[in-house]
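Participant: Let me give you the structure first, and then I'll get to my questions.
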Amino acid sequence: MTLKASYFSAYTPETSSFHENSLIEVNDCGYITKIVHQATPEYNAHLTAAQQHDQLIILAPGHFLLPGFIDLHNHAPQWPQAGIALDRPLADWLNHYTFPLEARYKNLDFATLVYHDLITEMLANGTTTALYFGTIHNAANLRLAEICAQAGQRAFIGSVAMDNPQQTPDYYRDASAEIAVTKTQIFIQTIQDNYPSGLIQPVITPRFIPSCTTATLQRLGQLAKELQITVQTHCSESDWEHDYVRERFGHTDAEMLQSFGLLNQHAVLAHATQLTTEDQTIIKTEQSTIAHCPLSNAYFGNSVLPTRSLMDQGIQVGLGSDIAGGYTPSLYANLQQAVTVSQIRQDGIDDRLPAIERGVPNSRISVKRAFYLATVGGAAGLDIQAGAIEPGLLADFQVVKAPPHLMSLTPDEQLEQLLFRHTKQQIKAVYVQGKLVHEKEHNWYE
């Protein structure tokens, strides 16, 4: 397959590339093998060869190619409660809404209905890869894996471990550390046996420290060391969660996760809004990734993530929707919110102070940096060859129709409008590893 397309791709946190009417060649394994730009001498020869072999797809005028987005934090079973009770404190929200909902996933018919709807919605919003929390039910988690595979979405899925009777209800918890860890091991092996291509991958998933006994955290840490696969959990998510861990252990989340062996280069930590300076150093040393969830942080995070500062220190950051703490699976909405809250952090909110004393200087992030978070940042966090349109990477694409323009725009301005004037209806097609997995209508190509 050869796509003739004008495309945008993040390059660094502050730079993106734009190329017009380039030829993007994709092999049968779904990797980009070559990109031929319009000004190169061999352009016409490659264009003719693709036409002769009936492999050429030409994007219609006004359509652009973007990399597929990568969601680093999504609670798939919470999709039915998206937008509900976001005015409640986190502990209340979990106990009165989330845990009762997640307990329903022992019913596979219910799980199938929800997961089909969510995955369809995710692909329609341009998310080609997602890191999912499942539930404590392995049968439902395997159904999620099956639906992702059938739909063609790349998915990292975790069977949730949670066995602390002090912080989890009796109707929704693992009965013991032994059961939580054994269940995790069975899930990992089943996924690896059933999906050897790597499109679906298993994840070690202690829900968060409050939900787990010490024995479970220790044994999952040992498993993470043995298997060297992705680990996901929540870290210093809110005042309540951060303070609970300090009261229980006398240390912060990051300190305890490190002590249990759950921090490494494969770990993705959701939220992290309450990190101390020492915590940041630990995360950087362990080369773990933070999943920035700007929408849900506004409701439950009790702070604004210092995204710019973390990245400037060399800490890897990606973007997460956090369904259902975030009310939409759209990473467009989340990257927009990431820019907005960074501005709030920079300007401050206390109008009783002089302007010079408000906020935190140099906190603002650009649209390009938010674009980087949704693409390259997520790919780095999951260690996958994706997130950009470059030779050697997976052909994960969104075909996006530009909004009507009332004036001429530079490429940088055009990218900003693509990202900020976005609606789901503008995403006309989505590819994962060179395979068309979503198509809204047929008029996106000539």
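Participant: If you project the alpha carbons of segment 1-86 onto their three principal axes, what span does each projection cover, largest first, in Å?
Facilitator: In descending order, the Cα extents are 58, 31, 25 Å.
Participant: If 18, 208 are ordered by their accessible area, calculated over protein heavy atoms with a 1.4 Å probe, which sequence runs from highest to lowest?
Facilitator: Numbers: 18 60, 208 5 Å².
The ordering from most to least exposed comes out as 18, 208.
Participant: With every protein chain kept in the model, how would you rank 248, 104 by accessible area, 1.4 Å probe, largest at the top?
Facilitator: The ranking, largest first, comes out as 104, 248.
Participant: Do any of 34/435; 284/368; 368/424; 106/435; 106/424; 368/428 go past 28 Å between their Cα atoms, and which?
Facilitator: Details: 34/435 17 Å; 284/368 23 Å; 368/424 20 Å; 106/435 32 Å; 106/424 32 Å; 368/428 22 Å.
106/435; 106/424, as the Cα separations exceed 28 Å there.
Participant: Quick one: Debye curve from the C-alpha atoms of segment 224-356, no solvent, what's log10 I(q)/I(0) at q = 0.12, 0.17 Å⁻¹?
Facilitator: Values returned for q = 0.12, 0.17 Å⁻¹ are -0.47, -0.91.
Participant: What do you get for Rg/Rh over segment 48-161 if you use C-alpha atoms and the Kirkwood form of Rh?
Facilitator: Values: Rg = 18.2 Å, Rh = 16.0 Å.
Here Rg/Rh amounts to 1.13.
Participant: Could you rank the peptides 143-155, 78-90 by their average count of other C-beta atoms within 10 Å per residue, with the highest value first?
Facilitator: On the way: 143-155: 21.1, 78-90: 16.1.
So the order, starting with the most tightly packed, is 143-155, 78-90.
Participant: Then there is this: For residue 413 and residue 243 in the same chain, what is the full-extension length gain: residue separation times 0.36 nm, less their Cα-Cα distance, in nm?
Facilitator: Stretched fully, the residue 413-residue 243 segment lengthens by 56.9 nm.
Participant: If you stretched the chain out fully between residue 225 and residue 43, how much longer would it get, using 0.36 nm times the residue separation minus the C-alpha to C-alpha distance?
Facilitator: 60.7 nm
Participant: Ok, one more. Ranked highest first by the average count of other Cβ atoms within 10 Å around their residues, in what order do 215-227, 332-344 fall?
Facilitator: Averaged packing, sorted descending, gives the order 332-344, 215-227.
Participant: Compactness ratio of the chain: Cα Rg over 2.2 N^0.38 Å, N = residue count?
Facilitator: Values: Rg = 21.8 Å, N = 446, 2.2 N^0.38 = 22.3 Å.
Here the answer is 0.98, to two decimals.
Participant: For segment 205-358, report the accessible area per residue in Å² (1.4 Å probe, heavy atoms, rounded to an integer).
Facilitator: Per-residue accessible area for segment 205-358 comes out at 37 Å².
Participant: Which of 193, 243, 71 moves the most in a Gaussian network model of the chain with Cα springs under 10 Å?
Facilitator: Judging by the Gaussian network model, the answer is 193.
Participant: Moving to a separate point now. Can you send over the carbon and sulfur percentage of the accessible area for the chain, probe radius 1.4 Å, protein chains only?
Facilitator: Numbers: 8620 of 17670 Å².
Within the chain, the accessible surface is 49 percent carbon and sulfur.
Participant: Let me ask something else. Under 25 °C and 0.890 mPa s, how fast does segment 146-190 diffuse according to Stokes-Einstein, given a Kirkwood radius computed over C-alpha pairs? Answer in µm²/s, whole number.
Facilitator: It diffuses with D of about 202 µm²/s by this estimate.
Participant: Right, something else. Can you compute the radius of gyration and Dmax for segment 290-446, using only the Cα atoms, both in Å?
Facilitator: Cα-based Rg and Dmax for segment 290-446 come out at 17.3, 58 Å.
Participant: Per DSSP H run of at least 4 residues, take -39500 (n - 2.57); add these up for the chain, divide by its residues and hand me the 222 nm value, nearest 500 deg cm²/dmol.
Facilitator: -10500 deg cm²/dmol
Participant: Turning to a different aspect of this structure: Give the Rg/Rh ratio for segment 106-212, taking Rg as the radius of gyration of the Cα atoms and Rh as the Kirkwood radius, to two decimals.
Facilitator: 0.98
Participant: Translational D (Stokes-Einstein, µm²/s) of segment 297-349 at 25 °C and 0.890 mPa s when Rh comes from the Kirkwood sum over C-alpha pairs?
Facilitator: Translational diffusion coefficient: 207 µm²/s.
Participant: Let me ask something additional. Starting from the alpha-carbon convex hull of segment 363-418, give the projected area averaged over all orientations, in nm².
Facilitator: Values: hull surface 21.0 nm².
Approximately 5.2 nm², given one-decimal rounding.
Participant: On to the next question. Arrange the peptides 35-43, 432-440 so that the one whose residues have, on average, the most other Cβ atoms within 10 Å appears first.
Facilitator: 432-440, 35-43
Participant: May I pose another question? Would you compute, for the Cα atoms of segment 206-279, the largest minus smallest coordinate along each principal axis and list the three values in descending order, in whole Å?
Facilitator: 32, 22, 19
Participant: Build a GNM of the chain with springs between Cα atoms under 10 Å: which of 73, 96, 53 gets the top mean-square fluctuation?
Facilitator: Top of the fluctuation ranking is 53.
Participant: Also, quick follow-up: Efficiency by 1/(1 + (r/R0)^6): what FRET value for residue 358 and residue 420, r their Cβ-Cβ distance, R0 = 41 Å, to the nearest 0.05? Write out the running numbers ahead of the final one.
Facilitator: Details: r = 25 Å, r/R0 = 0.62.
Computed FRET efficiency for residue 358 and residue 420: 0.95.
Participant: For residue 88 and residue 313, what does the FRET efficiency come to when R0 = 35 Å and r is the distance between their Cβ atoms, rounded to the nearest 0.05? Provide the component values of the computation, followed by the final result.
Facilitator: Working: r = 33 Å, r/R0 = 0.95.
It comes out at approximately 0.55.
Participant: Also, quick follow-up: Within the chain, what percent of beta bridges assigned by DSSP are antiparallel, to the nearest 5?
Facilitator: Bridges in the chain that DSSP calls antiparallel: roughly 45 percent.
Participant: Amide H to amide H under 5 Å from residue 270: which residues, 5+ apart in sequence or cross-chain, H placed 1.01 Å off N in plane?
Facilitator: Amide H to amide H, under 5 Å and 5 or more residues apart or across chains, residue 270 pairs with 233, 234, 235, 291.
Participant: Here is a further query. Hey, rough spin-label estimate for residue 15 and residue 347, points 7 angstrom out along Cα→Cβ, what's it come to in nanometres?
Facilitator: 3.1
Participant: Kirkwood hydrodynamic radius, computed over distinct alpha-carbon pairs, for segment 380-446: how many Å, to one decimal?
Facilitator: Working: mean 1/r = 0.0731 Å⁻¹.
Final number for the Kirkwood radius of segment 380-446 is 13.7 Å.
Participant: How long is the gain from residue 277 to residue 182 if the chain were fully straight, where each residue apart is worth 0.36 nm and the alpha carbon distance is subtracted? Numbers along the way, then the final one.
Facilitator: Numbers: separation 95, 0.36 × 95 = 34.20 nm, distance 3.56 nm.
Working it through step by step, the gained length comes to 30.6 nm.
Participant: In a Gaussian network model over the chain where Cα atoms closer than 10 Å are linked, find which of 403, 354, 169 has the largest mean-square fluctuation.
Facilitator: 354
The values are calculated or read from the model by the stated rules, or taken from the named source; none is laboratory data. Note that the coordinates shown come from a computational prediction; the quantities given were computed from them, not determined experimentally. Note: ideal-geometry Cβ built from the backbone for every residue, glycine included; neighbour counts use all protein chains shown. Only protein heavy atoms, including side chains, enter the accessible area calculation; ligands, DNA and RNA are left aside. Shrake-Rupley method; radii C 1.70, N 1.55, O 1.52, S 1.80 Å.
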